[in-house]
Amino acid sequence: MTNRGYKYHPYIPNSVPNVQEEMLKEIGLKSIEDLHEDIPEDLTLKGEMNIPAPFKSEYELKRHLEGVLNKNKTCTEYVNFLGGGCWQHYVPAVCDEINTRAEFLTAYGGEPYEDHGRFQALFEYQSLVAELVDMDVVNVPTIDWGQATATAIRMASRINGRGEVIVPRTICPDRLMIIQNYCSPDIKCVFVDYNEITGQMDIEDLKAKISSNTTAVYFENPSFLGFIEGQGEEISKIAHKIGAECIVGVDPISLGVLEAPVNYGADIVCGDLQPLGIHMNYGGGQSGFIATRDEEKYVMEYPSRLFGITPTTVEGEYGFGDVAYDRTSFAKREGGKEYVGTQTALWGITSGVFLSLVGPKGIWEIGQTIMQNSQYAINKLSEIKNVNGSLFNSCNFKEFIVDFNATGKSVEDINKELLDKKIFGGIDLSNTFKELGQVSLYSVTEVHSKEDIDNLVKAIKEILEP
Amino acid sequence: MDTTNTFKRINRERKLRKFHQAKWDEPIIFELSKEGERGIGIPKADEKIAECVGDGVSKIPESMKRKKEPNLPEVAQARVLMHFLHLSQETLGADLNIDIGQGTCTMKYSPKINEQISRIPKMTEIHPLQDESTVQGILEVMYNLDLIMREISGMDRFSFQSGGGSQAAMLMASIVRAAHKANGDEKRDEIITTIFSHPSDAAAYALMGYKIITIYPDKDGYPDLEALKGALSSKTAGLVITNPEDTGVYNPRIKEFTALVHNAGGICAYDQANANGLLGITRAREAGFDMCFFNLHKTFSTPHGCGGPATGAVGVTKELERFLPIPQVEFDGDKYYLDYNIPDTVGKVRSFYGVPQVMLKAYSWIRSLGTEGLYEVAKVAVLNNNYLYKKVTEIKGVEAPYAKGRQRVEQVRYSLNTLTKDTGVTSEDVQRRMFDYGMHYWTSHHPYIVPQPFTLEPTESYSKDELDEYIEVLEQISKDSYENPELIKGAPYNSVVHRIDETTLDDPEKWAITWRAYLKKTIKDE
C-alpha cells in the first residue's frame, strides 16, 4: 500500500486500509496506485497541491471557521438600512426549521415517487406565489430576479420573434448587466427615461422608443429606486397596442398591499423570493421566480421545470410530475428552451413555508408596517436641515432616495461616519445614478423599530450639524 | 438461576432491507386553511409612527392598491410545520439512503458541521453591500477558496458568481464570446461538444449564439478524434467537454483534443462536474484547457438542496482573467476588497457575488481534508466505482458498453438492454422498483445513446457494505425480472405514491402547475 492519502478519515469509510485491500483484490489490482490507469503520465499531477494542512478534528475546524467569520459585523449588531435587491426582513423560525431538514437539504433530482414530498413542496410554492401574483403558472425558482427577468425577456422574444426590450433607466444596475449578458446577441436593451420629479416612467419617451421591433416593455414595481410606478396600466396598454409583451418585476413582499401586476396588464411577472423567509447570506439568499397566465404559448416557452399535479393509479392519491418536459434542455439539449439545471429550489420551498405562515392577513400587515415605517423615516429625515427624505415626489414601498446634495457632504463620507455609530447607511447611488448627485437609497422594513429610525436621524444630524 | 435462555434473539439475517417510505397522504396546504387561523404574528408599526404617518397604505395611488386579498391559506403554526415535515419525510434526501443511484450528481456526504457554521448569524445576517471593513471574514473565505481552487485545477483565477453548473457553462460561453470579440474574431460561431457531455453545455453555448457540433463516441466509447478533426475550421469558437464523460470513460487523448482546437483558434472549456475522481490526480491546466468549472454542491459536498442554492466555480487562465464577471475578491496584504476594475468583463451573471454560504461550506470541506484528503477522496471514489462496476456487470442482464477491460473513473453508464430483450422489463421499470428498497436509480440524460441506460456514481462516501447492499438489491430485481416481470413493471409498491398518470402533464387542457389552475381545470365528482 501507498503512504499517500488520508486513512481513517471520518467522511471516507473505505479509507480503511484493510477494506481497500479487499476491494482491490476483488477488482484484480494490487495497489490503490493502480487505479486511474487511463490518465496519461504527462497529465498526472507531479508536485503537491499547495493547500493548507487539514484540521484533523471537527472541533479545530469549527474554531477556525468561527474565528474567520467573527471578523464580520452583522445587521443584528449594527442597524442596517441597505437594500437594493437584498433586504433585511424577519425570517420566521419555521422557515429555517424546514430548510435545514436533512431530507430537503440533501435531496436532488429524484423521481416523483421517492421524492414525492419535494415535488409537492415545490408545487405548493408555485401555487402560493401564484396567489400572490394572481396568475395560474409559476416556475420552479431561477437563480435570482435578474435571471428571471432575462429569461422572461427571452420568452417574450421567442413568442413574438422581436429583438428589442424596453427597460427603464431606473432599473437595478446589477440586474441590467445580467440581462445584457444573457440576452445578447439576440435582444438589445433600449432605455426609457424617467420623470425627474417623480421618478415615474416618461410615457412620451416610451411612445417615442417603442416600435414594431419591441419584444417587451419591462419595468419594476416597486422600482429599484423605491417609488411605486403608478402608470402600470398605461404602460401595458402601450406595449400591447404594438404587439409587445408587458413584463413586470416585483418585490413579492409588497403584494399584500400593492396590486398584482397582471391586474394592470402584465403578461409575465418576475421577482425575487429572498424577502419571503430567506436570510440575506451576503447575497446568497437570492432566488427568482417567473409567472404567467396558463396559456400554451407561455408555458411552452419556460426553460425551467414546472411541477404539475396529476392522479395516480390509486383513487384519492395526489401525484406530481414534470409538465411539458420536452421543452427543456434535459430532453432536447441545445434544441430545448435556454437551459435548465440547478438553481435555487430550497429557497422556493422556504418561500412556500413563509407564505403558508403569514397567510392573507399577514402579508397585508407586513406591507402596511413597511409602508408606515418607511414613511416615518422619510418624514423624520426630511426634518434634518438640508436633507430631503425622499428625492422623488412619489409614493414609495420600503426603499426611498435620501437627497444629501444640499448638505455639502458626500454620501461616502456620511456613511463612513454612520459606520462609526454602528449604522449601515443606505446605498451610495452617486456612481450608478450620477445625474442625481449625492443621494442614497435607504431601505426600511418591518424589522426597524421607531428607535432604530430615530437613532439614524439623530446620527445624521450629528454628522451634518456637529 | 436458570441458565437456559428461552428468549429468542430476533433474526436479522435476511438479505434485503424491508423498506417502506413514510406515507402521510398529506393534503395540499390550501386544503388545511381555516378562516381566521394565523401561522405567525407580524410586527406592527409603533403607535407613535402610526400617529405620525397614518395607516401608511392610503398613500398608495388608487390604481396600485391591491383590490382583492391574495387567496393564501390560513393555517396555525404547528400545522404548517407538521405539513412541511410530512413532505420532508416523503423525500429521499441523500442523508437517508445509499445515494449512489443519481449518477453524475456526485451525491456525497455533506458534513453537518459545515451546514451548522453556514447558519450562524455571522454568515446569515450580513448584507452584500456592507462596507468591506465589516465583511472581512467572508471575503477572506472567498479569497482563500480561490487560491485553493487554483491549486486543484491549475487555472489562474476563479469566479464563484455562477449559481450552478448550468450557469457556469453559460458564463464560460460568455467568456468565449467576449474573448473572440476582443480579438475581432466574431465570425467564429461554432462550438464543439460531445454527446456524453452534459446537455446544459450544448444548451448554454447555443443560448449565447453558437451553433453546436456534437461529437459521438467511437466504437470504444472515446470521443471520436477523427470526427473532431473533421469538425474543426476557421468557424470554430471552442470546445466544451467533460472528462471523464458521463459514461465514466476517461479520454486519454484529451491533450490532443485541446491542442487541435487551439491550433484551429478555438478556446477549450472543461466541464468538471465529474471531477470528484480526479482531485489531486490530474488537472485542467495540464490537459490544455483555458477554462473549467467545478460544482461546489457536488464535488465539494455543499448539499444539493433539492436543486440549489449552489455554486459553479469557473476557473480561467491568465489570458482570460480580463473577461471575468465583476467583482473579484482581492487582497492588498492588509485587507480584502472587491475589485470592479476588470477591463473587458462580461458584466454579471448573478446578483452580488454568487452564493457565499455555499463557498463557505466548500471551503470548510476542503479544510477538513487537505491535499492528502482530496487525494484519498479521488482514490476511494474510483476504487468504489470500479468495485461496483465489476459487481454490477456480473448481474444477469446488465452490461456496460464501451472501453472493455479498462477502468472507469467516477461513474459508469450501464445498460439493461439484455434484460429488456429477455424480460420486457425496462430501465424505467427497474427505476421504480428500486424505490421500493429506498434507493435512487437514475436512468440517464436524453437521448439514450446507450439503450436502457442507468448511471451509478458511488463517490467516496459509502462503505463497501453499503455498496454491497445496493448491488444485492439490483441482483434481486434482475432475478425477479426473469422470474416475475410483472412484479417489476407494477412498481413502486412501498413508495409514497403509485404510478402517476403522465398523460395530463403534456396536455394543455389538463396540466395544472398550480392549485388554482387545478381547481379551474377539474370537475368535482359528486
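Any residue at all in region B:66-74 that's acidic (D, E), within 30 Å of A:T369 (Cβ to Cβ), more than 7 Å from every other protein chain (Cβ to nearest Cβ) and surrounded by fewer than 17 Cβ atoms within 10 Å (Cβ to Cβ)?
Among the residues of region B:66-74, not one is acidic (D, E), within 30 Å of A:T369 (Cβ to Cβ), more than 7 Å from every other protein chain (Cβ to nearest Cβ) and surrounded by fewer than 17 Cβ atoms within 10 Å (Cβ to Cβ), which makes the answer no.
Of all residues in region A:309-339 being in a loop (DSSP other than H, G, I, E, B), more than 7 Å from chain B (Cβ to nearest Cβ) and without any contact (Cβ under 8 Å) to a residue 12 or more places away in the chain, which is nearest to the chain's Cα centre (by Cα)?
Per the criteria, the residue is A:G316.
For region B:437-466, how many residues meet the condition of being more than 11 Å from chain A (Cβ to nearest Cβ), touching a residue at least 24 places away in the same chain (Cβ under 8 Å) and in a loop (DSSP other than H, G, I, E, B)?
5
Of all the residues that make up region B:242-288, how many are among the aliphatic types (A, V, I, L, M), touching a helix residue (DSSP H, G or I) at 6+ places or on another chain (Cβ under 7 Å) and modelled with pLDDT of 95 or more?
8
Of all the residues that make up region B:401-416, how many are under 27 Å from B:S495 (Cβ atoms) and either within 13 Å of another protein chain (Cβ to nearest Cβ) or in contact with a helix residue (DSSP H, G or I) (Cβ under 9 Å, 6 or more places away or on another chain) (or both)?
5
Is it true that some residue in region B:463-480 is touching a Ser or Thr at 6+ places or on another chain (Cβ under 7 Å) and modelled with pLDDT of 95 or more?
Within region B:463-480 (the criterion being touching a Ser or Thr at 6+ places or on another chain (Cβ under 7 Å) and modelled with pLDDT of 95 or more), the answer is no, since none of the residues qualifies.
Surrounded by fewer than 24 Cβ atoms within 10 Å (Cβ to Cβ), more than 10 Å from chain B (Cβ to nearest Cβ) and assigned to a loop (DSSP other than H, G, I, E, B), is that true of A:G243?
yes
Specify which of the listed residues (A:S157, A:S211, A:S184, A:S223) is away from chain B (no Cβ under 14 Å) and either of a type outside the set (A, V, I, L, M) or closer than 20 Å to A:T342 by Cα (or both).
A:S211
Collect the residues in region A:120-176 that are touching a Pro at 6+ places or on another chain (Cβ under 7 Å), farther than 22 Å from A:S223 by Cβ and not acidic (D, E), keeping them in residue-number order.
none
Would you be able to tell me the number of residues in region B:281-312 that are surrounded by fewer than 24 Cβ atoms within 10 Å (Cβ to Cβ) and at positive phi?
Within region B:281-312, residues that are surrounded by fewer than 24 Cβ atoms within 10 Å (Cβ to Cβ) and at positive phi number 1.
Only residues that are touching a residue at least 40 places away in the same chain (Cβ under 8 Å) and either assigned to a helix (DSSP H, G or I) or within 12 Å of chain A (Cβ to nearest Cβ) (or both): list them for region B:253-274, please.
B:V261, B:D271, B:A273
Being more than 10 Å from chain A (Cβ to nearest Cβ) and of a type in the set (S, T, N, Q) is the filter here, so list the residues in region B:336-369 that pass it.
B:N341
Here's the yes/no breakdown for (1) among the acidic types (D, E); (2) modelled with pLDDT of 95 or more:
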{"site": "B:K8", "(1), (2)": "no, no"}
{"site": "B:R12", "(1), (2)": "no, no"}
{"site": "B:K15", "(1), (2)": "no, no"}
{"site": "B:W24", "(1), (2)": "no, yes"}
{"site": "B:P27", "(1), (2)": "no, yes"}
{"site": "B:E31", "(1), (2)": "yes, yes"}
{"site": "B:K34", "(1), (2)": "no, yes"}
{"site": "B:R38", "(1), (2)": "no, yes"}
{"site": "B:K44", "(1), (2)": "no, yes"}
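Yes or no: region B:302-312 includes at least one residue that is out of contact with any Ser or Thr (no Cβ under 6 Å at 6 or more places or on another chain) and aliphatic (A, V, I, L, M).
No, because not a single residue in region B:302-312 is out of contact with any Ser or Thr (no Cβ under 6 Å at 6 or more places or on another chain) and aliphatic (A, V, I, L, M).
When both residues are 6+ apart or on different chains and their Cβ atoms are under 6 Å apart, which pairs have a first residue that lies in region B:480-508 and is under 18 Å from B:L16 (Cα atoms) and more than 9 Å from chain A (Cβ to nearest Cβ), and a second that is β-branched (V, I, T) and not in a loop (DSSP other than H, G, I, E, B)?
Close Cβ pairs satisfying both conditions: B:D480/B:I488; B:S481/B:T423; B:S481/B:I488.
Quick check on A:E114: is it facing another protein chain (nearest Cβ under 7 Å), touching a helix residue (DSSP H, G or I) at 6+ places or on another chain (Cβ under 9 Å) and not in a helix (DSSP H, G or I)?
Taking the combined requirement at face value, the residue satisfies it.
Would you mind finding the one in B:G333, B:G277, B:G315, B:G288 that is under 20 Å from B:F160 (Cα atoms) and either in a loop (DSSP other than H, G, I, E, B) or more than 7 Å from chain A (Cβ to nearest Cβ) (or both)?
Sole residue among the options that is under 20 Å from B:F160 (Cα atoms) and either in a loop (DSSP other than H, G, I, E, B) or more than 7 Å from chain A (Cβ to nearest Cβ) (or both): B:G315.
Kindly indicate whether B:A168 is in contact (Cβ under 8 Å) with a residue 60 or more places away in the chain and farther than 26 Å from B:T443 by Cβ.
Taking the combined requirement at face value, the residue does not satisfy it.
Determine, yes or no, whether A:I98 is buried (at least 20 other Cβ atoms within 10 Å of the Cβ) and closer than 30 Å to B:L85 by Cα.
yes
The values are calculated or read from the model by the stated rules, or taken from the named source; none is laboratory data. Being a predicted model, the structure only gives us computed values, none of them experimental. Note: ideal-geometry Cβ built from the backbone for every residue, glycine included; neighbour counts use all protein chains shown.
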